[in-house]
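**Student:** Here it is, the structure, as structure tokens.
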Amino acid sequence: MVSDTEYLKMAEDTFKEAVSIARSEDGWKVEKEDKANNVLVECKKNAKGKKIYRCKATINMPAKLLVDAIKDTDKITTWNYTLTEARVLKKLSDTVVISYQITTDAAGGMVSARDFIYLSQVGYEGENFIMGGKSVEFEDGPKSSKIVRAINGPGCQMVAPCPGDPNSCTFMWLMDCEYKGMMLQSILDIALPIAQTSFVECIKKLGAKLKADGKF
């Protein structure tokens, strides 16, 4: 059984590794681009030869409001429609938690729902918010024979204020996901970038709602 101390060390190491990969410059190729909506998805192969994805987008929402929404795991399904369930399983410190999430079916039903147990750490570098993490084994976590468990390698989400525009921010998501199950690579190549752009759409809709509600 993994101790809390071991999880905390794992979270810190994963956080650093994910940030380093997300900020790397070499090897990225454009996978999908929507210039009208300021969304870009890039991909490259990691050290194990597996495809990983980096999504960048400009969001019409103050950085703090987006950060507050991303950090609130237990309420994330109220606006993030790519998940049907999300909840904290264990809080290890003020910045590190283990959570459980179930995805919706993806790619027009070609990909069935997946679940995963995720160890994450949040922090700031200057004004930039970062949540980094990866999948872990957790003895007290939910077990379902009906849902295939996906495995997330080191990944992160970053939110940074847009200089000169307090009502906008930039969002970046590094995703390294192994969907498991009997999945054709050609379907995964479609599904993973769609997962990222679908999440960005959810963020943009949240921003529009918060603006309509007078939050900024």
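The values are calculated or read from the model by the stated rules, or taken from the named source; none is laboratory data. In this text the structure is predicted, and so the values were computed from the model without any measurement. With ideal geometry, Cβ positions are generated from the backbone for all residues, glycine too; neighbour counts draw on all protein chains shown. We work out accessible area using only protein heavy atoms, side chains counted, and drop any ligands, DNA or RNA first. Shrake-Rupley method; radii C 1.70, N 1.55, O 1.52, S 1.80 Å.
**Student:** Please identify the pairs in which a residue from the stretch 10-34 that is under 21 Å from Phe138 (Cβ atoms) has its Cβ atom under 6 Å from the Cβ atom of a residue that is basic (Lys, Arg), counting only partners at least 6 apart or on another chain.
**Tutor:** Sorted first by the residue in the stretch 10-34, then by its partner, the pairs are Thr14/Lys134.
**Student:** Same structure, new question: Looking at (1) open to solvent by 30 Å² or more (accessible area, probe 1.4 Å); (2) modelled with pLDDT of 95 or more, which one does Ile187 not meet, given that it meets all the others?
**Tutor:** (2)
**Student:** Please indicate, with yes or no, whether at least one residue in the stretch 195-202 is of a type in the set (D, E, K, R), surrounded by 14 or more Cβ atoms within 10 Å (Cβ to Cβ), more than 25 Å from Val96 (Cβ to Cβ) and free of Cβ contacts under 8 Å to residues at least 40 places away in the same chain.
**Tutor:** yes
**Student:** Give me the pairs: first residue in the stretch 129-144 and without any contact (Cβ under 8 Å) to a residue 24 or more places away in the chain and under 30 Å from Pro161 (Cα atoms), second residue among the charged types (D, E, K, R) and open to solvent by 50 Å² or more (accessible area, probe 1.4 Å), beta-carbon distance under 9 Å, and six or more apart or on different chains, which are they?
**Tutor:** Filtered contacts from the stretch 129-144: Ser135/Arg149; Ser135/Glu178.
**Student:** Go through the stretch 1-47 and give me each residue that's among the aliphatic types (A, V, I, L, M), over 30 Å from Lys91 (Cβ atoms) and loosely packed, with under 12 Cβ neighbours inside 10 Å.
**Tutor:** Val30, Ala36, Ala47
**Student:** Further question on the same structure: Does Lys48 qualify as being among the charged types (D, E, K, R) and either without any contact (Cβ under 8 Å) to a residue 60 or more places away in the chain or part of a loop (DSSP other than H, G, I, E, B) (or both)?
**Tutor:** Spelling it out, Lys48 is indeed among the charged types (D, E, K, R) and either without any contact (Cβ under 8 Å) to a residue 60 or more places away in the chain or part of a loop (DSSP other than H, G, I, E, B) (or both).
**Student:** Being of a type in the set (Lys, Arg) and in contact with a Lys or Arg (Cβ under 9 Å, 6 or more places away or on another chain) is true for just one of Lys16, Lys56, Lys44. Which residue is that?
**Tutor:** Exactly one residue qualifies, and that residue is Lys44.
**Student:** Could you pull out the residue among Phe138, Phe116 that is assigned to a strand (DSSP E or B), aromatic (Phe, Trp, Tyr) and modelled with pLDDT of 95 or more?
**Tutor:** Phe116
**Student:** Further question: Considering the stretch 57-103 alone, what residues qualify as being more than 21 Å from Ser135 (Cβ to Cβ) and either at pLDDT below 95 or part of a helix (DSSP H, G or I) (or both)?
**Tutor:** Correct list: Ala63, Lys64, Leu65, Leu66, Val67, Asp68, Ala69, Lys75, Thr78.
**Student:** I've got another one for you. Restricting to the stretch 203-216, give me the number of residues that are open to solvent by 50 Å² or more (accessible area, probe 1.4 Å), assigned to a helix (DSSP H, G or I) and not aliphatic (A, V, I, L, M).
**Tutor:** Matching residues across the stretch 203-216 total 4.
**Student:** Quick one: what pairs do we get from the stretch 148-161, first residue closer than 16 Å to Tyr124 by Cα, second at pLDDT 95 or above and of a type in the set (Phe, Trp, Tyr), C-beta under 6 Å, 6+ apart or different chains?
**Tutor:** Gln157/Trp173; Val159/Phe129; Val159/Phe171
**Student:** Okay, next question. Every residue in the stretch 155-181 that is modelled with pLDDT of 95 or more, in a loop (DSSP other than H, G, I, E, B) and in contact with a Leu (Cβ under 8 Å, 6 or more places away or on another chain), please.
**Tutor:** None - no residue of the stretch 155-181 is modelled with pLDDT of 95 or more, in a loop (DSSP other than H, G, I, E, B) and in contact with a Leu (Cβ under 8 Å, 6 or more places away or on another chain), so the list stays empty.
**Student:** Looking at the stretch 161-175, which of the residues that are touching a helix residue (DSSP H, G or I) at 6+ places or on another chain (Cβ under 8 Å) and closer than 22 Å to Lys32 by Cα is surrounded by the most Cβ atoms within 10 Å (Cβ to Cβ)?
**Tutor:** Cys169
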